[in-house]
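The structure under discussion appears below in the form of structure tokens.
Each value in this text was obtained by applying a stated rule to the coordinates, not by laboratory testing. Note that the coordinates shown come from a computational prediction; the quantities given were computed from them, not determined experimentally. No Cβ is skipped: glycine too gets one built from the backbone with ideal geometry, and neighbour counts run over all protein chains shown.
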Number of protein chains: 2
Amino acid sequence: MAPPSPSPRAETPDATLHHPDMRCFQLVDIVRRNNRFAPATYAPLVVDQRTVGLVAKERVSALQRFPDVFSEVTPDRIQLHPRLAHEAARTTAMMDVARALLATGDIGEKWKHEDYGAKDAADQVVFRVDRSAAAFFGITQCGCHLNGYVRHGPRPDDVSVWMGLRHASRALWPGKWDSIVGGGLPLDISPWDNMLKEASEEAKFAANDISHLMHSVGVISYVNSEKEGLKHNTMFVFDACLPSSLVPRSDGDEVERFELWPIRKALALVEASPESFKPDICLLLIDFGLRHGILTPDNTAAYTSLVHSLRATPPF
Amino acid sequence: MAPPSPSPRAETPDATLHHPDMRCFQLVDIVRRNNRFAPATYAPLVVDQRTVGLVAKERVSALQRFPDVFSEVTPDRIQLHPRLAHEAARTTAMMDVARALLATGDIGEKWKHEDYGAKDAADQVVFRVDRSAAAFFGITQCGCHLNGYVRHGPRPDDVSVWMGLRHASRALWPGKWDSIVGGGLPLDISPWDNMLKEASEEAKFAANDISHLMHSVGVISYVNSEKEGLKHNTMFVFDACLPSSLVPRSDGDEVERFELWPIRKALALVEASPESFKPDICLLLIDFGLRHGILTPDNTAAYTSLVHSLRATPPF
């Protein structure tokens with residue numbers, strides 16, 4: 001549902017702010033590019049009668065080589081073998097399957113040495129598997145992102161955001177713009193602790209410097225068919241209003257350089273050229289604009305749909 | 001999906017903040033109380049093949065008295081007469097129906113003199129009807145709410161929120177706690193302008209004082225079966241960080257008095273006694289806690305579900 005049509009209005013001191021040049025934004029379409037998912041093309045991965053993942057039907061046959069692990073492998077259903085009755089046994093078996101699929105090239109990534117959890121609808125972890133296999137099995141993936149921004153004045157758009165340019169040598173999304181700090185969230189570390197750890201690694205922010213500036217602001221989620229499999233992602237989002245003296249430093253390895261962009265420049269580039277960004281960063285910037293009063297019901301087309309589109313319904 | 005389980009963590013300067021005593025919160029249940037909706041108990045209201053509302057099946061028979069307005073009235077479908085081919089004709093007819101239903105007591109409210117729009121899924125207004133009939137017909141209802149808060153320090157929970165006690169004489173929700181300013185959003189006024197107007201009426205805030213403090217922060221939506229009919233509500237949410245010198249004033253009519261509550265007191269009362277509030281104010285306070293880093297993935301049960309639950313999928 002969209003907000004009411006714009007109407008003639010009284011001039012207020014902030015009229016220019018609330019009637020800026022952003023009515024043309026069709027940001028919903030950009031969010032939807034990250035939410036392309038056709039359930040009928042996936043087979044549920046079932047453990048003890050609970051769906052915990054979704055495997056693309058065209059990839060299902062790769063699992064027929066593991067009859068000790070899967071008691072049923074069809075394009076309609078993949079069933080973990082009932083003899084694997086506990087998390088530890090399932091985890092051992094699924095880690096072995098993941099290594100085998102990486103070796104045969106059925107999974108095209110590198111082993112990440114990070115445990116992700118396959119969770120049922122009640123959030124119980126039923127097995128662990130390396131992050132490299134998470135998309136193949138379509139299990140829930142979690143991550144953290146930080147919006148590091150600098151405020152120049154009191155108006156909502158008197159804000160600049162730090163952006164990081166991903167190094168050209170990176171395997172995923174080389175040369176694309178990214179948040180100042182972000183990363184996957186393995187099991188056994190909390191979102192807050194993970195955010196501090198990533199901030200230290202990626203931007204060289206000491207925990208003492210950043211922890212009193214940073215706070216949790218919500219969640220963005222999306223469900224997207226990608227070449228690696230199903231990305232069913234939940235991003236825990238944090239904001240930090242940084243003093244101009246606190247500048248992120250790159251080691252020139254993961255991030256080529258950081259730049260501080262006026263928020264309107266960042267949002268204009270999201271609209272004009274979303275492919276300049278790692279895809280989920282478009283969602284992160286739109287969410288920032290919505291929460292900070294830059295994208296408003298008065299200046300943004302399909303405002304309510306836009307807010308809804310940032311939090312996709314879980315696929316199981 | 002919930003965040004990862006809490007785990008042992010390094011001590012940081014803010015450890016006490018991020019590991020407070022709120023793990024027990026089951027706020028999802030409180031949000032769900034505002035989202036009780038069984039689609040099978042409603043008949044779609046169809047205009048020109050588009051569903052624009054939902055009428056409780058038990059109320060459908062009241063519409064059989066208007067054969068010139070509805071070409072079909074059954075518990076499965078209510079069809080606006082095809083001779084009503086344009087918005088103006090439909091509006092005239094539906095306003096007449098609403099007046100008749102108020103006169104017979106089928107709608108138990110007073111005429112509000114505010115036009116609400118029945119909108120299709122593409123947000124086109126197909127007819128207008130008085131706000132008093134919106135729930136009976138289950139059309140989209142929009143409103144605005146302001147979080148007026150005062151910051152005492154830099155930590156996320158160093159914040160107090162202004163609450164208004166609804167006057168005991170009010171027809172709806174007498175004696176319940178409400179936001180500092182809120183109200184329905186008629187057609188022909190923008191959310192921003194409406195928020196300024198309500199702030200002037202309800203809290204005696206001059207537009208010049210409040211407009212540079214107030215900004216849009218998103219949307220909360222819910223779909224709830226209530227005694228008046230279906231509340232399919234979208235709340236446009238605004239925040240204003242108020243200086244301690246800017247105090248809301250009540251005229252003693254709509255609001256009995258305003259009180260400034262520490263945010264943790266407000267959230268604790270939401271958990272312990274949600275019936276102390278006008279129901280949607282529980283959602284407003286939870287959303288505030290989530291956006292401001294008070295309810296976090298590290299301290300709140302079912303965090304991701306909680307975020308999702310605040311933005312119900314539209315029912316048509």
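How far is residue B:110 from itself in the other copies, in nm, if each label sits 7 Å out from Cα along the Cα-Cβ line, shortest first?
7.1
What per residue convex hull volume, in Å³, comes out for chain A when only alpha-carbon positions are used? All intermediate terms of the calculation are to be shown ahead of the outcome.
Values: hull volume 43.3 nm³, N = 316.
Enclosed volume per residue, from the Cα hull, is 137 Å³.
With a 10 Å cut-off between alpha carbons and a GNM built on chain B, which of B:63, B:246, B:306 moves the most?
B:246
On a 0 to 90° scale, report how tilted helix B:263-272 is relative to the longest principal axis of chain B, with both axes built from alpha carbons and the result rounded to the nearest 10.
60
Would you grab the residues whose amide H sits under 5 Å from the one on residue A:218? Only those 5+ places off in sequence or on another chain, please, with H modelled 1.01 Å from N.
A:237
Checking the cross-link filter: which lysines have an alpha carbon closer than 26 Å to that of residue A:57, excluding same-chain neighbours under 8 positions apart?
Here the lysines satisfying the reach criterion relative to residue A:57 are A:110, A:112, A:119, A:227, A:231.
Using Cα pairs under 8 angstrom and six or more residues apart, how large is the relative contact order of chain B, in percent? Spell out each step's value before the answer.
On the way: 612 pairs, mean separation 72.8, N = 316.
Rounded, it is 23 percent for chain B.
Which one of B:26, B:49, B:79 has the biggest mean-square fluctuation once chain B is modelled by GNM with Cα springs under 10 Å?
Top of the fluctuation ranking is B:49.
How much of the calculated P(r) for the protein assembly as shown lies past 41 Å, in percent of all Cα pairs? Kindly include the intermediate steps, with their values, before the conclusion.
Details: 59554 of 199396 pairs.
Summing the P(r) tail past 41 Å for the protein assembly as shown gives 30 percent.
Excluding same-chain residues fewer than 8 positions from residue A:176, which lysines have a Cα within less than 17 Å of its Cα?
Reachable lysines: A:265, A:278.
What gaps in nm, shortest first, separate residue B:121 from its twins in the other copies when you place the label 7 Å past Cα toward the beta carbon?
The projected label point of residue B:121 is separated from its counterparts by 2.2 nm.
Give me the dipole magnitude in Debye, nearest 20, for chain B about the Cα centre, with unit charges on the beta carbon: positive for Lys and Arg, negative for Asp and Glu.
Working: 34 positive and 40 negative charges, 101 e Å.
Result for chain B is approximately 480 debye, rounded to the nearest 20.
Could you state the angle between the C-alpha long axis of helix B:87-103 and the longest principal axis of the C-alpha atoms of chain B, as a value from 0 to 90 degrees rounded to the nearest 10?
Roughly 80 degrees between the two axes.
Rounded to the nearest whole Å³, what is the per residue volume of the convex hull around the Cα atoms of the stretch B:161-270? Intermediate results must be reported in sequence, preceding the final value.
Details: hull volume 14.0 nm³, N = 110.
Dividing the Cα hull volume of the stretch B:161-270 by its residue count gives 127 Å³.
Once the stretch B:39-136 is represented by equal point scatterers at the alpha-carbon sites, with solvent omitted, what log10 I(q)/I(0) does the Debye formula produce at q = 0.23 Å⁻¹?
Each listed q corresponds, in turn, to -1.38.
Would you mind ranking B:76, A:120 so that the residue whose beta carbon has the fewest other beta carbons within 10 Å leads the list? Walk me through the intermediate numbers first.
Values: B:76 9, A:120 19.
Listed from fewest to most nearby Cβ atoms, that is B:76, A:120.
Take B:104, B:296 and order them by how many other Cβ atoms sit within 10 Å, fewest up front. Mind dumping the intermediate values first?
Values: B:104 10, B:296 27.
Sorted ascending by nearby Cβ count, the order is B:104, B:296.
Among B:44, B:186, B:154, which one shows the biggest mean-square fluctuation in a GNM of chain B, springs joining Cα atoms closer than 10 Å?
B:154
Of the DSSP beta bridges with both residues in chain A, give the percent that are antiparallel, rounding to the nearest 5. Don't jump to the answer; show the numbers that get you there.
On the way: 44 of 58 bridges.
If I count the DSSP bridges inside chain A, around 75 percent turn out antiparallel.
Residues of B:301-307, mean number of Cβ from any other protein chain within 10 Å of their own Cβ, rounded to a whole number? Before the final figure, lay out each step's value.
Working: counts 1, 2, 6, 10, 4, 2, 9.
Taking the mean over all residues of the peptide, I get 5.
What's the angle, to the nearest 10 degrees (0 to 90), between helix B:279-291's Cα axis and the longest principal axis of chain B?
So the inclination is approximately 40 degrees.
Would you mind listing the distances between the residue A:245 label point and the same position in each other copy? Use 7 Å along Cα-to-C-beta, nm, one decimal, shortest first.
2.8
Provide a whole-number value for the mean count of partner chain Cβ atoms within 10 Å of the Cβ atoms in peptide B:204-213.
On the way: counts 0, 0, 0, 4, 2, 0, 1, 6, 6, 2.
Counting Cβ atoms of other protein chains within 10 Å of each residue's Cβ and averaging gives 2.
Which percent of Cα-Cα pairs in the stretch B:58-201 sits in each 5 Å bin, short to long?
Taking every Cα pair in the stretch B:58-201, the percentages come to 2, 8, 14, 17, 17, 13, 9, 8, 5, 3, 2, 1, 0.
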